[in-house]
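Single-structure report; data block below.
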Amino acid sequence: MSTVVLVGAQWGDEGKGKVTDFLAERADIIVRFQGGNNAGHTVVVNDEEFKLHLIPSGILYSDKLCIIGNGVVIDPVVLEKEWQSLIDRGIPLAKLLIDNRAHVILPYHRLQDEAEEELKGSAKIGTTKRGIGPAYADKSARTGMRIVDMLDDEELEAKLKLNIENKNRLFTSYYQTETLDYDQVLREYKKQAQWLRKHAADCSEVINDAIDKGSKVLFEGAQGALLDLDFGTYPYVTSSHPIAAGACLGAGVGPTRINKVIGVAKAYTTRVGEGPFPTELNDQIGENIRKQGHEFGTTTGRPRRCGWFDAVIGRYSARINGLNYLAITKLDVLSGLPEIKICTGYKLKGELTTTFPASLKTLAQCEPVYETMEGWQEDLSEVRKFADLPKNAQLYVNRISQLVGVPVALIGVGPKRSETIILEDIF
Ligand code: GDP
Ligand code: IMO
Ligand code: MG
């Protein structure tokens with residue numbers, strides 16, 4: 001049995017797409033288990049760039065099976081477009097299955113996401129406005145539409161009618177925005193259902209059967225630990241569970257079926273959207289990292305906030321995910337800096353703490369305590385062996401590993417599949 005859960009260890013955009021694509025070569029099945037098209041996973045093969053939002057990052061291997069699990073919220077319009085755009089590029093793709101139990105994002109979810117952000121004003125979350133939060137809220141409220149419902153005309157009509165009536169009431173009286181036309185939405189979703197029918201399946205059964213037969217399964221997380229609904233910087237989080245445990249719920253596999261958990265972390269930290277960020281750099285260094293690392297959102301194009309590596313977050317993430325390994329990405333981006341800082345703890349009311357606080361008020365009072373290390377000037381993009389990295393880069397990676405308490409399995413030295421240093425075999 002060989003199953004690996006890959007998760008973001010920070011606030012998302014750690015390079016999960018790249019690492020998933022890299023590891024997928026050795027996997028048989030690649031599964032997305034939570035989130036939706038709020039995710040933007042970039043894969044670069046040779047000189048071609050692919051931005052994936054819903055389709056697993058293993059899709060570029062035609063001999064694999066890719067699965068969108070029950071824990072994902074699916075915007076069928078976006079999904080079909082993404083699939084078609086890959087086909088249009090003429091690449092032979094992996095097979096794609098979509099779980100019957102996954103919930104569907106409807107136009108009213110997108111409207112509600114936007115209206116809610118507008119209403120919150122300066123207290124907004126900074127969501128991707130893709131309807132993710134409202135879709136998960138309806139799932140919990142038991143008013144959601146699942147793929148299996150959408151594929152049944154009677155169910156689709158009845159649920160859509162009731163939901164649009166209720167949402168339109170909300171849009172007129174509370175949000176004071178436009179309303180939706182039932183017939184128009186029904187037409188669009190009936191059309192999407194025809195396409196979805198070819199891919200829908202009971203994916204939990206497929207995955208568990210494959211594990212029984214010895215297949216290698218890679219679970220690809222979206223977002224990151226600090227955006228987790230329970231463990232993230234609530235309320236500035238997403239509405240799903242990006243941590244490793246989410247793979248069990250979102251793919252229908254028991255915890256006893258998971259062998260390894262790998263956390264992807266950037267060699268520094270970034271965040272998109274609102275919310276606290278202790279090591280944020282609002283200065284020229286932060287600006288340089290953004291420029292050097294092309295830190296602009298894959299989904300929304302927003303500039304990402306940049307800061308130093310935070311080992312308090314690293315340790316917290318290792319704990320809540322049960323990390324076996326770290327994949328450290330974008331080490332190459334730090335080349336050229338005279339010195340690099342790592343946050344080893346927080347100073348809170350004069351005391352040193354290494355525990356990530358639950359209260360945002362407390363977090364806002366935390367001052368990062370830094371350790372300064374010497375930088376390196378060399379370009380790393382051609383390096384393929386740890387021993388060939390400049391000494392200071394080796395020391396930096398080793399220090400991150402020591403502070404987080406997790407061994408490093410892989411290092412990213414560029415966006416391309418080939419720009420990777422392997423330290424431990426994952427599969
Ligand atoms: P994800 O959401 O975690 O998959 O990450 P994104 O794709 O949103 O953002 C990561 C960005 O960094 C993408 O543009 C990747 O192509 C790029 N990237 C990934 N790993 C590396 C790396 O090791 N070095 C460099 N320079 N870029 C990387
Ligand atoms: P990947 O998978 C980075 C952030 C949004 C916002 C918060 C809530 O590419 O790492 P949502 O639309 O989910 O309700 O927004 O979560 N966010 C991400 N930030 N990477 C992502 O995905 C994100 N998905 C959501 O910016 O702060
Ligand atoms: Mg991303």
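What number does region 164-221 give for Rg over Rh if you use C-alpha atoms and the Kirkwood radius?
Expressed as Rg/Rh, it is 1.29.
State the number of lysine pairs found in region 324-392 whose Cα atoms come within less than 16 Å, restricting to pairs 8 or more positions apart or on distinct chains.
Final tally of qualifying lysine pairs is 4.
Using DSSP to define loop residues, name the trypsin sites (Lys or Arg not before Pro) in region 321-373 whose beta-carbon has at most 14 other beta-carbon atoms within 10 Å.
Counting only loop positions with at most 14 other Cβ atoms within 10 Å, the trypsin sites (Lys or Arg not before Pro) in region 321-373 are Lys349.
Could you check how much of the accessible area of region 155-224 is carbon and sulfur, as a whole percent, using a 1.4 Å probe?
For region 155-224, the apolar C and S fraction of the accessible surface comes to 45 percent.
Could you pull the accessible area for Ser85 with a 1.4 Å probe, rounded to 10 Å²?
Ignoring ligands and nucleic acids, Ser85 comes out at about 60 Å².
In terms of solvent-accessible area of protein heavy atoms at a 1.4 angstrom probe, what is the ranking of Glu188, Glu378, Glu367, Glu295, highest value first?
The ordering from most to least exposed comes out as Glu367, Glu378, Glu188, Glu295.
From largest to smallest, what semi-axes in whole angstrom does region 1-87 give when each is the square root of 5 times an eigenvalue of its alpha carbon gyration tensor?
17, 16, 14
Pull out the extension gain between Glu287 and Thr354, defined as 0.36 nm times the separation in residues minus the alpha carbon to alpha carbon distance; nm, one decimal.
21.4 nm
When the chain is treated as a GNM, springs tying every alpha-carbon pair under 10 Å, which of Thr270, Thr329, Thr172 comes out with the largest mean-square fluctuation?
Thr172
Working from Cα positions, state the angle (0 to 90°, nearest 10) between the long axis of helix 107-120 and the longest principal axis of the chain.
Here the helix axis deviates by roughly 50 degrees.
As a test of the formula, what do you get for the chain when each DSSP H run with n ≥ 4 contributes -39,500 (n - 2.57) and the sum is divided by the residue count, at 222 nm and rounded to the nearest 500 deg cm²/dmol?
-10000 deg cm²/dmol
Quick check: pseudo-label points 7 Å beyond the Cα along Cα→Cβ at Arg197 and Ser2, how many nm apart are they?
Rounded to a tenth, the inter-label distance reads 3.9 nm.
Given the options Asn70, Asn166, Asn288, which has the most mean-square fluctuation in a GNM of the chain, springs set between C-alpha atoms less than 10 angstrom apart?
Result: Asn166 has the largest fluctuation of those listed.
Measuring with a 1.4 Å probe in the full set of protein chains, what accessible area per residue, in whole Å², belongs to region 220-316?
34
Return one whole number: the accessible area per residue of region 1-99 in Å², for a 1.4 Å probe.
Accessible surface, normalised per residue, equals 28 Å².
What aspartates and glutamates could a cross-link reach from Lys81, if we take a straight Cα to Cα line under 16 Å and drop same-chain neighbours fewer than 8 places away?
Lys81 reaches Glu188.
Using a 1.4 Å probe on the protein heavy atoms, what percent of the accessible area of region 54-150 belongs to carbon and sulfur?
50
Be a star and scan region 107-122 for residues whose amide nitrogen sits under 11 Å from the point 7 Å along the Cα-to-Cβ vector of Thr177.
Those under the cut-off are 107-120.
Which whole number in µm²/s is D for the chain by Stokes-Einstein, with the Kirkwood Rh taken over Cα pairs at 37 °C and 0.692 mPa s?
Stokes-Einstein gives a translational diffusion coefficient of 149 µm²/s.
Cross-link list Lys139/Lys213; Lys51/Lys291; Lys16/Lys124: which exceed 24 angstrom alpha carbon to alpha carbon?
The answer is Lys139/Lys213; Lys16/Lys124.
The values are calculated or read from the model by the stated rules, or taken from the named source; none is laboratory data. Here the structure is a predicted model, which is why all the values come from computation and not from measurement. All Cβ positions, glycine included, derive from the backbone under ideal geometry; neighbour counts span all protein chains shown. SASA here: full protein model, heavy atoms, side chains in, ligands and nucleic acids out. Shrake-Rupley method; radii C 1.70, N 1.55, O 1.52, S 1.80 Å.
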